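Engineer: Just dropping this structure here.
None of the figures in this text is laboratory data; all of them are computed from the coordinates on show. Fair warning: this is a prediction, and the values are worked out from it, not measured in the lab. Here the Cβ positions follow ideal geometry from the backbone for every residue, glycine too, while neighbour counts run over all protein chains shown.
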Amino acid sequence: MIRIRDVGPRDGLQNEAPVDPVERARLAEALAAAGLRDVEVASFVSPKAVPSMAEAATVVARLPSTPGTTWWALVPNARGVELARQSGLGHLTVTISSSEGYSRKNVGRSTDEAIDGLADIAAAARGADRVDVVVSCAFGSPFADVTDPTPTVAIVERTLTVLPGASITLADTTGTATPRRIAAVVGALPNDARADLGLHLHDTRGTALTNALAAIELGIDRFDTSVGGLGGSPFAPGAGGNLATEDLVLMLHDLGYETGVDLDGVLEASRQLAHLVGHDVASRVSAAGPLPEFGGRT
């Protein structure tokens, strides 16, 4: 089983003009109805910094209690943790960067300062259901300060010292990953980081699906995707959208992998998303539709 966490209601919308929180909640609900068991629905960040993520608590309050579905929230600091917990969410994502340049652009702090801040997050998150640390720029950086696996491995090791129970997701924030780079970074990680390792892939250079396949061959079975292929960081020069949920699901199903996700349901959510943002989405499958039947052995 390949596990997919759709981050569309958060990462997919954070670069768009603000969408009504009720509609953001409806998008999350549509993804859950399509079989997505994990959906990142909100970001408890300053609305001044990211206006599209304002009214996170309103989004969460509108979500149904859907059996089998876990709602996630991105939290940048201890205050974000407190707000997420007050809203009723116990599954939290935290970002920290392998790139010094990106860290300063994204959170206004050095990587050392960001690591120090993890202690406050760890204290505030005590008792949370799960914390997943997303390591940005894990496979390269537009600031030319991640040129081999060393910075990513160091950040992961330091993170797990502060948050020993956390899981790790490696993020290809600006689409610099290739199968070679993924193998190099994953192979250099400590064993405890690989126990439940995920990938958050972007398709800036058209490599996201190839990278997902390469990761599966390495034993990785957890991926972040975004319905419609929208998303990208406003603080990363040249960052493209996320790997589209429907693109990954179509490929996996054709290869015989189980995901528990209904492709038609995701495509309906993708159409809903295009209406919300007022433009076509990036997903190729959303544009071309499902595959026709094709049997035979390979």
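Engineer: If you check Leu252, Leu209, Leu276, which single one turns out to be under 22 Å from Trp72 (Cα atoms) and part of a helix (DSSP H, G or I)?
Structural biologist: Working: Leu252 fails: under 22 Å from Trp72 (Cα atoms); Leu209 fails: under 22 Å from Trp72 (Cα atoms).
Just a single option satisfies the conditions, and that option is Leu276.
Engineer: Considering only residues that are touching a Gly at 6+ places or on another chain (Cβ under 6 Å), under 21 Å from Arg10 (Cβ atoms) and not small (Gly, Ala, Ser), which ones fall in the range 240-281?
Structural biologist: Within the range 240-281, Asn242, Val261, Leu273, Val281 meet the criteria.
Engineer: Just checking: which of the helices (runs of 4 or more DSSP H) contained wholly in the range 13-125 hold 1 or more residues that are surrounded by 24 or more Cβ atoms within 10 Å (Cβ to Cβ) and in contact with a Phe, Trp or Tyr (Cβ under 8 Å, 6 or more places away or on another chain)? Step through it out loud before you land on a result.
Structural biologist: Working: elements: 21-33, 56-61, 78-87, 100-107, 111-124.
Counting at least 1 such residues, we get 21-33, 56-61, 78-87, 100-107.
Engineer: On to the next question. Could you say whether any residue in the range 214-224 is part of a loop (DSSP other than H, G, I, E, B), of a type in the set (Val, Ile, Thr) and within 30 Å of Gly35 (Cβ to Cβ)?
Structural biologist: Kept after step one, since they are part of a loop (DSSP other than H, G, I, E, B), are these residues of the range 214-224: 218-221.
When the remaining residues are screened for being of a type in the set (Val, Ile, Thr), the result is 220.
Checking the rest, the ones that are also within 30 Å of Gly35 (Cβ to Cβ) come to 220.
Looking through the range 214-224, at least one residue is part of a loop (DSSP other than H, G, I, E, B), of a type in the set (Val, Ile, Thr) and within 30 Å of Gly35 (Cβ to Cβ).
Engineer: Among Asp120, Asp145, Asp129, which is touching a His at 6+ places or on another chain (Cβ under 9 Å), touching a residue at least 12 places away in the same chain (Cβ under 8 Å) and of a type in the set (Asp, Glu)? Quick ask: steps written out before the conclusion?
Structural biologist: Details: Asp120 fails: touching a His at 6+ places or on another chain (Cβ under 9 Å); Asp145 fails: touching a His at 6+ places or on another chain (Cβ under 9 Å).
On inspection, the qualifying residue turns out to be Asp129.
Engineer: Against the condition in contact (Cβ under 8 Å) with a residue 40 or more places away in the chain, in a helix (DSSP H, G or I) and either basic (Lys, Arg) or crowded, with 22+ Cβ neighbours inside 10 Å (or both), how does Val185 come out, does it pass?
Structural biologist: Working: in contact (Cβ under 8 Å) with a residue 40 or more places away in the chain: yes; in a helix (DSSP H, G or I): yes; either basic (Lys, Arg) or crowded, with 22+ Cβ neighbours inside 10 Å (or both): yes.
For Val185, the condition - in contact (Cβ under 8 Å) with a residue 40 or more places away in the chain, in a helix (DSSP H, G or I) and either basic (Lys, Arg) or crowded, with 22+ Cβ neighbours inside 10 Å (or both) - is met.
Engineer: Hey, another quick one. Which of (1) free of Cβ contacts under 8 Å to residues at least 60 places away in the same chain; (2) surrounded by fewer than 23 Cβ atoms within 10 Å (Cβ to Cβ) does Gln272 not meet, given it meets every other one?
Structural biologist: (1)
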